[in-house]
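Report on one structure; see the data block that follows.
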Amino acid sequence: MQDSLEALGWSQFFADAFAPYELEGLIPARVAVQERGAVVLFTTAGTLHASGHAVAGDWVAAESLPGEERAIVRAVLPRRSRFARKEPWLTEEQVVAANIDTVFLVTDCGRDFKPRRLERYLTAAWDSGADPVIVLTKSDLAGDVHETVAEAESIALGVPVHAVSSVTGAGLGELDPYLLPGRTVALLGSSGVGKSTLVNRLLGEELLATAEIRADGRGRHTTTHRELVRLPGGALLLDTPGMRELQLWADESALDETFADVSELARTCHFSDCAHGGEPGCAVRAALGDGSLAQIRWESYSKLQRELRALALKQDARLRSEARKERRRFARSRRRTKW
């Protein structure tokens with residue numbers, strides 16, 4: 001692939017970050033494909049295979065090897081945005097996609113539509129720094145599409161919701177305003193919701209492998225790696241493997257966006273530090289009592305809040321542990337110096 005940096009999503013933000021590396025003779029490149037211990041890079045000179053660690057969507061400073069279509073990643077530039085999750089079993093961040101402008105949160109209109117899972121994805125999306133958009137696929141197989149759209153809109157307050165069909169093409173035109181030249185859109189969702197089929201439809205060709213829909217209407221997971229592809233109109237689309245689970249790696253403040261209704265109620269409680277238990281003047285308990293706030297939504301908010309607070313405690317404990325280890329290393333080095 002050979003194109004201008006701007007067509008690949010370059011901006012002044014990255015130009016400023018790259019300036020010191022330009023003096024070293026390195027070249028700017030964008031990670032198109034992320035593989036284990038290696039990446040494929042888009043550059044103004046074409047596509048290069050490179051060694052190094054970076055994630056799809058990253059901008060990097062690379063050393064191009066003379067006479068070869070290969071390079072070495074020397075540095076990863078600061079990210080404008082990143083969609084991340086917690087590594088299973090570890091208190092570590094796994095960045096799924098970087099430098100994205102819009103996140104398409106993809107789920108289908110049928111039995112795979114799960115409001116609580118959507119709230120989880122929305123929380124991660126708001127924390128990413130990108131703009132979330134909900135894309136409901138397989139509208140041609142759904143019963144009452146309008147009902148599903150309305151339910152999604154009631155969960156994702158203020159977030160655009162679009163129902164589409166990659167088979168009939170219905171609704172796909174609604175995605176055009178997000179797919180502008182040089183803009184990067186990431187597709188995220190659980191396994192088998194039709195992300196790769198949607199990418200192929202937008203591309204106009206079968207670039208990504210897909211699988212037939214099962215008898216129960218559910219898809220099979222087909223994408224095995226993260227890949228950045230260029231659409232005919234100039235937008236960049238990043239497809240990702242389906243997630244069987246999404247453990248949050250986010251700041252608790254992201255809940256204020258996902259659950260804007262709950263946050264607004266909490267601000268009107270009589271006490272600023274209201275725990276929404278038995279305190280007098282609790283607007284949240286009042287809303288639960290009169291039904292204006294659904295119990296299941298409150299429980300979802302509380303569950304994600306507990307998860308994020310537990311994560312924050314683990315992160316704090318890890319930082320304290322690393323600081324202790326650093327102090328010990330410093331003390332040992334001082335002792336060696338004395339001897």
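The values are calculated or read from the model by the stated rules, or taken from the named source; none is laboratory data. It should be emphasised that the depicted structure is a prediction, and the values quoted were computed from it without experimental measurement. Cβ atoms come from the backbone with ideal geometry, glycine included; neighbour counts cover every protein chain shown. What goes into the accessible areas is simple: the full protein's heavy atoms, side chains included, and nothing from ligands, DNA or RNA. Shrake-Rupley method; radii C 1.70, N 1.55, O 1.52, S 1.80 Å.
The label-point distance for residue 247 and residue 150, in a model that sets each label 7 Å from Cα toward Cβ, rounds to 3.9 nm. Residues in region 1-74 average 50 Å² of solvent-accessible surface per residue, probe 1.4 Å, ligands and nucleic acids excluded. Rolling a 1.4 Å probe across the protein heavy atoms gives region 219-317 an accessible surface of 51 Å² per residue. The portion of the accessible surface of region 230-307 made up by carbon and sulfur, rounded to a whole percent, is 49 (1.4 Å probe; DNA, RNA and ligands excluded).
Highest mean first, the peptides 245-257, 265-277 sorted by other C-beta atoms within 10 Å per residue fall in the order 245-257, 265-277. When only alpha carbons are used to place a centre, region 139-177 and region 1-66 end up 35 Å from one another. For the chain, adding -39500 (n - 2.57) for each run of n ≥ 4 DSSP H residues and dividing by the number of residues yields -10500 deg cm²/dmol at 222 nm. Overall, region 61-219 carries a charge dipole of about 420 debye about its Cα centre when +1 sits on the Cβ of Lys and Arg and -1 on the Cβ of Asp and Glu, all other atoms neutral. Among the cysteines of the chain, 109, 282 have no other cysteine beta carbon within less than 4.7 Å of their own. Electrostatic tally near residue 160: other residues with Cβ closer than 10 Å to its Cβ, Lys and Arg +1, Asp and Glu -1, net -3. Shown for region 17-82: the carbon plus sulfur share of the solvent-accessible area, taken with all protein chains present and a 1.4 angstrom probe, equals 50%.
Legend: distances between Cα atoms for 195/303; 114/138; 114/314; 86/325; pairs beyond 21 Å are 195/303; 114/314; 86/325.
The local environment of residue 263, defined by Cβ-Cβ distances under 10 Å, has a net charge of -3 under the rule Lys, Arg +1 and Asp, Glu -1. Among the listed values (1) 30; (2) 21; (3) 25, the one computed from these coordinates for percent of Cα pairs over 36 Å apart is (1).
Note on the chain: GNM, Cα springs under 10 Å; of 235, 29, 286, the largest mean-square fluctuation is that of 286. Averaged over residues, the count of other Cβ atoms within 10 Å places the peptides 316-326, 157-167, 189-199 in the sequence 189-199, 157-167, 316-326, highest first. Each residue was assigned an accessible area with a 1.4 Å probe, and for residue 126 the value is about 80 Å². Can you give the % of DSSP beta bridges in the chain that are antiparallel, to the nearest 5? So the antiparallel bridges in the chain amount to around 60 percent.
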